[in-house]
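Note sheet for the following structure.
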Amino acid sequence: MSVPQLTIHRHDQRRRTLITLAGEIGLESAPLLRATLTRCLSAGIRIIDVDLTPVTFCDCSGLNAFLHAAQRTREAGGILRLHNPPPSLGRILELTGCGSLLLGLPLGHLSPSLGVIPDPVAPALPDRSIPLVAVLSGDVR
């Protein structure tokens, strides 16, 4: 049996990073994801944007890694946002109600330069009035 592969690309700019994940996030690869997100905080990163566009699968062990990292990031005065989750993770977010904690705008709506948006003083929660289904489909109002 082959181990699912997860590729992680990290692009830092000052106190902000864009992490692009590709492949599958499951029981075997979640520890690598958790370690990567922990290293971001250790390096002083306080805004973590995670692009999930190339992710083909994510189960609840991946969700757990994201929730753990989001909590630690908030405790450090920062914010972690997931962008373009795959349908498997979107369904888990919908069922658990965790979408408001983790989802950001679709990646195309981010500033082209990671350094343009100032560091948040207090992280704002996403607008809960936006339906999760619309956010997952990219239709942000």
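Points worth noting:
- Test: residue in the range 7-22 that is closer than 20 Å to LEU101 by Cα, out of contact with any His (no Cβ under 8 Å at 6 or more places or on another chain) and not in a strand (DSSP E or B): no
- Residue match in the range 68-75 (condition: open to solvent by 20 Å² or more (accessible area, probe 1.4 Å), farther than 16 Å from ILE8 by Cβ and either in a strand (DSSP E or B) or small (Gly, Ala, Ser) (or both)): no
- Number of the exception - LEU82 against (1) open to solvent by 20 Å² or more (accessible area, probe 1.4 Å); (2) under 10 Å from the mean Cα position of the chain (by Cα): (1)
- Whenever a residue of the range 6-26 is within 17 Å of LEU41 (Cβ to Cβ) and in contact (Cβ under 8 Å) with a residue 40 or more places away in the chain, its partners that are buried (at least 17 other Cβ atoms within 10 Å of the Cβ) and hydroxyl-bearing (Ser, Thr, Tyr), lying with C-beta atoms within less than 7 angstrom and at least six residues away or across chains, give the pairs HIS11/THR17.
- Test set (1) modelled with pLDDT of 95 or more; (2) assigned to a helix (DSSP H, G or I); (3) open to solvent by 20 Å² or more (accessible area, probe 1.4 Å) - CYS40 fails condition number: (3)
- Qualifying residue in the range 92-106 (condition: under 18 Å from THR7 (Cα atoms) and modelled with pLDDT under 90): no
The values are calculated or read from the model by the stated rules, or taken from the named source; none is laboratory data. Note that the structure is a prediction, hence the values are computed from the model and not measured. All Cβ positions, glycine included, derive from the backbone under ideal geometry; neighbour counts span all protein chains shown. What goes into the accessible areas is simple: the full protein's heavy atoms, side chains included, and nothing from ligands, DNA or RNA. Shrake-Rupley method; radii C 1.70, N 1.55, O 1.52, S 1.80 Å.
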